[in-house]
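What follows is one structure encoded as structure tokens, with my remarks underneath.
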Amino acid sequence: MSYLQNQISAFKSSVNSSAGKVANKRTAGGTNPGPSPAPTHSSASRQNDLKRKRPEQSNVVYSQPADTGTGKNIMTQVTYAIDYLKDKNTPKTFTEIIGHLSVHNSGKDYQSMIKTILMKHDKVNYDPKNDGGEGTFSFRPVHDIRNPDKLLGHLQSQPTFKGLSVRELKDGWNGAEESIDELEDQGKLLVTRNKKDHHAKMVWPNDPSLSFTIDEEFQSIWHKIRLPEAGALADELEKAGLMPANKSGAVKANPVRQEKKTKKPRRGGKTTNLHMIGVLKDYSHLKK
């Protein structure tokens, strides 16, 4: 029993000594710092403010005026108004134009700008005295021709035999192409057409006094004449001593042929050590 007690007492003493050493190490290391405080909302926002912000990229071209959209919208309305006058093909008041554009609530200044542009537009005719003094607007085509009689009168009044473009006629005359076909069938117009779609391209007046019929007997005589074969006329002219222009009598000089120069064969090598000719031995006869 004395042996076991001695072992127990020794174990307890070793435990007490080791516990004292651990306590001393903790004391020497200092106090354990507590947990760091969580960042507040104010500190987080302050850190975000301190971060560098990149400037937003803008697509503004400073060399061009700012596009507010007003001018573009006005010119769009002007285009619609001109198309309206072209389709109706009759004079219209500004009230009727505003009703077609549906811009009643756009303001007087806006409507006044549209009216001013239409009055000065090169595709619009403005008559301030028409319709009781209110004034009317009408479409101004390239040629003021809107029916077959005006077309024939315009062509006959020209000092020269000049044709008219069908595209220009269609600018102010919606049924131009159908009327041109009818006048051509009546023999009053000469018409050239596109090969692709056979639409009328140019028109000229057809003078009836220049139209006459040829006797059938003369036509049969004309068609009975046999044309010479290709090359036969040139042979007959050469027999008569007449040469065609592409066969001139000038004799071309034969080009002088230049003889090719033959290259001389290169020597085997450059002779050196000329001052040692009498001393060195010649082994050139041993070359194969």
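Bear in mind that the values in this text are calculations on the coordinates, not laboratory data. Since we're looking at a predicted model, the values are computed, not measured. Every residue, glycine among them, receives a Cβ derived from its backbone with ideal geometry; neighbour counts consider all protein chains shown.
For Cα pairs less than 8 Å apart in space and 6+ apart in sequence, what is the mean separation divided by the residue count of region 108-245, i.e. the relative contact order in percent?
For region 108-245, the relative contact order is 15 percent.
What distance in nm separates the simple spin-label points at L190 and L274, each placed 7 Å from Cα in the Cβ direction?
That separation, rounded to one decimal, is 9.4 nm.
What FRET efficiency do you get for F212 and N125 if R0 is 41 Å and r is their Cβ-Cβ distance, rounded to the nearest 0.05?
Step by step, r from the Cβ atoms, then E = 0.40.
Can you compute the equivalent ellipsoid semi-axes for region 97-242, i.e. the square root of 5 times each eigenvalue of the Cα gyration tensor, sorted largest first and rounded to whole Å?
56, 19, 14
Hey, with R₀ at 25 Å, roughly what FRET efficiency would W222 and D197 work out to, going by the Cβ-Cβ distance, to 0.05?
For R0 = 25 Å, the calculated efficiency reads 0.10.
Order 174-186, 204-216 from most to least packed using the mean count of other Cβ atoms within 10 Å.
Highest-to-lowest ranking by the protection proxy: 174-186, 204-216.
Output the pairs from K88/K115; K88/K201; K195/K224; K92/K123; K123/K188; K120/K162 with a Cα-Cα distance over 20 Å in this structure; if there are none, say none.
In this structure, K88/K201; K195/K224; K123/K188; K120/K162 lie more than 20 Å apart at Cα.
Let me understand region 136-178 better: what is its radius of gyration from the alpha carbons, and its Dmax, in angstrom?
10.9, 36
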